[in-house]
Amino acid sequence: MAMGNVALTLYRNFYSVRSGKVMPLRTKIFLGVLVLLLVVGGGVFFYNDNIKRSRAGEYNPEISPADFTTNITNKYFALPVGKKMTYETMAGGGVTERIEIEILPEKKQIDGFETVVYLDKEYKNGQLVEETRDYLAQHKNGDVWYFGEDVNNYWNGILIHHAGSFIHGKDGAKAGIWMKAEQRVGDSYRQEFYIGNAEDMRDTLATGQTVSTKTAKYTDCVKVYDWTPLEKNSREHKYYCPQVRSLVLTEDLETGSRSELVSVVQP
């Protein structure tokens, strides 16, 4: 029920318009405070709803190493060894952020699963701020699963911490789905789960999308919404396209910035 309807219902319960009776002062104060709480609560309704939705129920994915491969061929997210992607975020006429990704030849064993190593380096104003090694594998149904990441965070060139790291099977952390093979609008799924540390979620919003960047035009793309209950302001729209089988555009819903694929090298 909408907050306005709740307030109106409370008002009618306390005061009969036809009777013309006047509410006692204490009742007015009580009602005023209650309505105020409802209005304030409404301001965080959607965020709290996301939190409940992300943590509802027990999360125990039933997966077996025998069902996975490091040959990742997903229509929207293929990861052959040697593939390289570069993304840039523009602001004020210049590049403010640059992300360089490379699929390494090495593999990593995680709790019996063999995974691909996806090296991700993020630069801001030319300086390295984060380097991650993401670990992925593809299920026999075509879904790409995310088994963890090792994160190095830097400040002024100095390694300061590893916040955001998680590995499937350690301290209750569990793998999630990075990209589904079958795209169905309305799907919502976990990308990772390490409670209080890594709880990214993904919702499928649309398929068959056309996306234009400064370097190319893409068709038949899938649009997803990425968010996390751990960071209220971390909300993004992302577009994955089959022409390059990669992410081509990220829209930050808080800042309005766009991170675009500017180059891709296929092995």
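The values are calculated or read from the model by the stated rules, or taken from the named source; none is laboratory data. This is a predicted model, so every value here is computed, not measured. Note: ideal-geometry Cβ built from the backbone for every residue, glycine included; neighbour counts use all protein chains shown.
For Gly148, all conditions in the list (1) under 19 Å from Lys107 (Cα atoms); (2) not in a strand (DSSP E or B) hold save one; what is the number of the exception?
(2)
Within the range 204-218, is even one residue buried (at least 16 other Cβ atoms within 10 Å of the Cβ), out of contact with any Lys or Arg (no Cβ under 8 Å at 6 or more places or on another chain) and under 30 Å from Ile110 (Cα atoms)?
Checked against the condition, which is being buried (at least 16 other Cβ atoms within 10 Å of the Cβ), out of contact with any Lys or Arg (no Cβ under 8 Å at 6 or more places or on another chain) and under 30 Å from Ile110 (Cα atoms), the range 204-218 yields no hits at all.
From the list Arg184, Arg190, Arg235, which one is of a type in the set (D, E, K, R) and either under 25 Å from Met90 (Cα atoms) or not assigned by TED's automatic domain parsing to the domain that holds Lys108 (or both)?
After ruling out the rest, the residue left standing is Arg235.
Of the conditions (1) within 14 Å of the chain's Cα centre (by Cα); (2) more than 23 Å from Arg98 (Cβ to Cβ); (3) at pLDDT 95 or above, Trp178 satisfies every one except a single condition; which number is it?
Checking Trp178 against (1) within 14 Å of the chain's Cα centre (by Cα); (2) more than 23 Å from Arg98 (Cβ to Cβ); (3) at pLDDT 95 or above, the one that fails is (2).
Would you confirm, using the coordinates I've provided, whether Lys107 is in a strand (DSSP E or B), under 24 Å from Glu231 (Cβ atoms), at pLDDT 95 or above and touching an Asp or Glu at 6+ places or on another chain (Cβ under 7 Å)? Before the answer, list the steps.
On the way: in a strand (DSSP E or B): yes; under 24 Å from Glu231 (Cβ atoms): no; at pLDDT 95 or above: yes; touching an Asp or Glu at 6+ places or on another chain (Cβ under 7 Å): yes.
The answer is no for Lys107.
How many residues does the range 58-83 hold that are surrounded by fewer than 16 Cβ atoms within 10 Å (Cβ to Cβ) and farther than 14 Å from Val116 by Cα? Don't jump to the end; show me each part of the working.
Of all residues in the range 58-83, those surrounded by fewer than 16 Cβ atoms within 10 Å (Cβ to Cβ) come to 58-62, 64-67, 69, 71, 73, 80, 82.
Next, from what is left, pick out any that are farther than 14 Å from Val116 by Cα: 58-62, 64, 66-67.
Number satisfying all stated conditions: 8.
For the structure I just gave you, tell me whether Pro229 is loosely packed, with under 14 Cβ neighbours inside 10 Å, in contact (Cβ under 8 Å) with a residue 12 or more places away in the chain and part of a loop (DSSP other than H, G, I, E, B).
Values: loosely packed, with under 14 Cβ neighbours inside 10 Å: no; in contact (Cβ under 8 Å) with a residue 12 or more places away in the chain: yes; part of a loop (DSSP other than H, G, I, E, B): yes.
Spelling it out, it is not the case that Pro229 is loosely packed, with under 14 Cβ neighbours inside 10 Å, in contact (Cβ under 8 Å) with a residue 12 or more places away in the chain and part of a loop (DSSP other than H, G, I, E, B).
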